[in-house]
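See structure below.
The values are calculated or read from the model by the stated rules, or taken from the named source; none is laboratory data. These numbers come from a predicted model, not from an experiment. As a convention, Cβ positions derive from the backbone with ideal geometry for all residues, glycine included, and neighbour counts pool all protein chains shown.
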């Protein structure tokens with residue numbers, strides 16, 4: 001960060017958040033490669049000195065967008081992610097994700113996954129930040145399954161970590177196919193397969 005104390009005040013935090021939000025919108029519209037600091041300045045009205053007050057450079061801003069994107073994706077699911085320790089809770093979460101894709105008309109895919117496709121091979125720090133975002137998401141699944149196992153809802157030989165990774169893979173694959181085929185049913189099919197995989201591990 002260009003200045004660790006730059007966003008210490010409420011006004012500073014609001015300015016920084018406005019810059020990050022504008023960068024996120026531009027990345028969604030143009031892709032990471034198409035987002036420039038001049039575009040961000042034009043959209044926010046921020047000066048060049050303000051940008052460099054909050055961010056070391058363009059890469060630093062992109063990394064902030066990754067963190068903000070992860071927060072937004074998990075924030076939408078927050079209440080549901082805290083209740084993945086029952087079959088009913090898992091079903092509610094799966095239903096929510098499908099309904100969200102219906103509401104979005106199957107556009108956008110996974111915002112975190114979209115960033116991964118653009119940055120994972122060109123920016124090691126960005127790849128690590130994206131991986132950390134997926135880790136945060138997957139941790140909710142793993143922790144819920146671990147609680148289910150502790151209550152004997154899963155077999156003793158069930159591996160919550162492996163099951164969580166398999167579930168995340170189904171989500172990401174389903175979201176990608178939903179996006180390119182413009183069909184939320186693709187995510188539903190993937191989530192049904194994920195649920196079947198989880199049920200195999202049921203006690």
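The residues of the range 152-177 that are touching a residue at least 60 places away in the same chain (Cβ under 8 Å) and outside any helix (DSSP H, G or I) amount to a single one, 153. What about residue 155, is it modelled with pLDDT of 95 or more, more than 15 Å from the chain's Cα centre (by Cα), surrounded by fewer than 16 Cβ atoms within 10 Å (Cβ to Cβ) and in the same structural domain as residue 100 (by TED's automatic domain parsing)? In short, yes. Would you check which residues across the range 88-143 are out of contact with any helix residue (DSSP H, G or I) (no Cβ under 8 Å at 6 or more places or on another chain) and in a loop (DSSP other than H, G, I, E, B) and list them? Once the filter is applied, which keeps residues that are out of contact with any helix residue (DSSP H, G or I) (no Cβ under 8 Å at 6 or more places or on another chain) and in a loop (DSSP other than H, G, I, E, B), the range 88-143 yields 104, 105, 122.
Only a single criterion out of (1) assigned by TED's automatic domain parsing to the domain that holds residue 175; (2) part of a helix (DSSP H, G or I); (3) modelled with pLDDT of 95 or more is not satisfied by residue 85, namely (2). Here residue 52 meets each of (1) over 30 Å from residue 154 (Cα atoms); (2) surrounded by fewer than 20 Cβ atoms within 10 Å (Cβ to Cβ); (3) not assigned by TED's automatic domain parsing to the domain that holds residue 17 with one exception, condition (3). Looking across 33, 14, one residue alone is outside the structural domain of residue 173 (by TED's automatic domain parsing) and free of Cβ contacts under 8 Å to residues at least 60 places away in the same chain. It is 14. Residues in the range 178-203 that are crowded, with 16+ Cβ neighbours inside 10 Å and part of a loop (DSSP other than H, G, I, E, B): 184, 201. The set of residues in the range 158-203 being in contact with a strand residue (DSSP E or B) (Cβ under 9 Å, 6 or more places away or on another chain) and modelled with pLDDT of 95 or more consists of 158, 160, 163, 198, 201, 202.
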